[in-house]
Structures are given as structure tokens and as C-alpha cells.
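Novice: Quick one: structure below, then a few questions.
The values are calculated or read from the model by the stated rules, or taken from the named source; none is laboratory data. The model shown is predicted, which means the values in this text are computed figures rather than measured ones. All Cβ positions, glycine included, derive from the backbone under ideal geometry; neighbour counts span all protein chains shown. With ligands, DNA and RNA removed, areas are computed over all heavy atoms of the protein, side chains included. Shrake-Rupley method; radii C 1.70, N 1.55, O 1.52, S 1.80 Å.
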Amino acid sequence: MNKPVGKFRDQDINPCIEESDASQKCMNHYNYDKNMCGAYFQNYKRCRSYWHNIMLQRRRDGVKPDMPTAAERQEMLAQLGGKPY
């Protein structure tokens, strides 16, 4: 059964595409040995957790859209001096 993947590849919706791609690339490289890619999985989890918290805070503050756009996220990360995860 095919799932629509469009929204998962949309940078305005999914802030962790880069981390997801890195973990998938690692899995492909190591023939799907999960033990070899733990650092990539942790990085992806930290990314998801970080942006989930941002999304919840924006909801509480009444800011729309809940998830910042890709351009807004880049500005936020630039102000922080890089990725905090």
C-alpha cells in the first residue's frame, strides 16, 4: 500500500529532512545494520524533539502556522549559531 510521501518531503512541514536522509543513507551504507547508525538516529530524535517543542510553544502563543516555515527555521538557527541538537 503506497503512502503519500509529499508532506514528509516538504521542507515547510518537516524540519528534519536532512537528519532523516542522513540516517537512511547510513542504513543503506551499512546494509541496514541499526547498530552502526545509532548516532544518526539520536540526531534525528533530537531534531524532532526540538522542533516539536517549538511547535507546541507556537500553538500556546497562538502563532500560525504551528511549525515555522523553512525560511523562518533557517533564521532561527542562524540566530542560535547553528543547530542546537
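Novice: Of the numbered conditions (1) on the phi > 0 side of the Ramachandran plot; (2) open to solvent by less than 70 Å² (accessible area, probe 1.4 Å), ARG58 satisfies every one except a single condition; which is it?
Specialist: Checking ARG58 against (1) on the phi > 0 side of the Ramachandran plot; (2) open to solvent by less than 70 Å² (accessible area, probe 1.4 Å), the one that fails is (1).
Residues are listed down the side, and each one gets a yes or a no for (1) surrounded by fewer than 15 Cβ atoms within 10 Å (Cβ to Cβ); (2) of a type in the set (A, V, I, L, M); (3) at positive phi:
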{"site": "PRO15", "(1), (2), (3)": "no, no, no"}
{"site": "GLN24", "(1), (2), (3)": "yes, no, no"}
{"site": "HIS29", "(1), (2), (3)": "yes, no, no"}
{"site": "TYR32", "(1), (2), (3)": "yes, no, yes"}
{"site": "CYS37", "(1), (2), (3)": "no, no, no"}
{"site": "ILE54", "(1), (2), (3)": "no, yes, no"}
{"site": "GLN74", "(1), (2), (3)": "yes, no, no"}
{"site": "ALA78", "(1), (2), (3)": "yes, yes, no"}
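Novice: Just for the range 39-49: of the residues that are touching a residue at least 24 places away in the same chain (Cβ under 8 Å) and buried (at least 16 other Cβ atoms within 10 Å of the Cβ), which one is nearest to MET76 (Cα to Cα)?
Specialist: Per the criteria, the residue is CYS47.
Novice: Further question on the same structure: Within the range 6-33, count every residue that is modelled with pLDDT under 95 and over 22 Å from ASN53 (Cα atoms).
Specialist: Number of matching residues: 1.
Novice: Quick one: in the range 61-72, of everything that is open to solvent by less than 90 Å² (accessible area, probe 1.4 Å) and of a type outside the set (Asp, Glu), which residue is nearest to ILE17 (Cα to Cα)?
Specialist: ALA70
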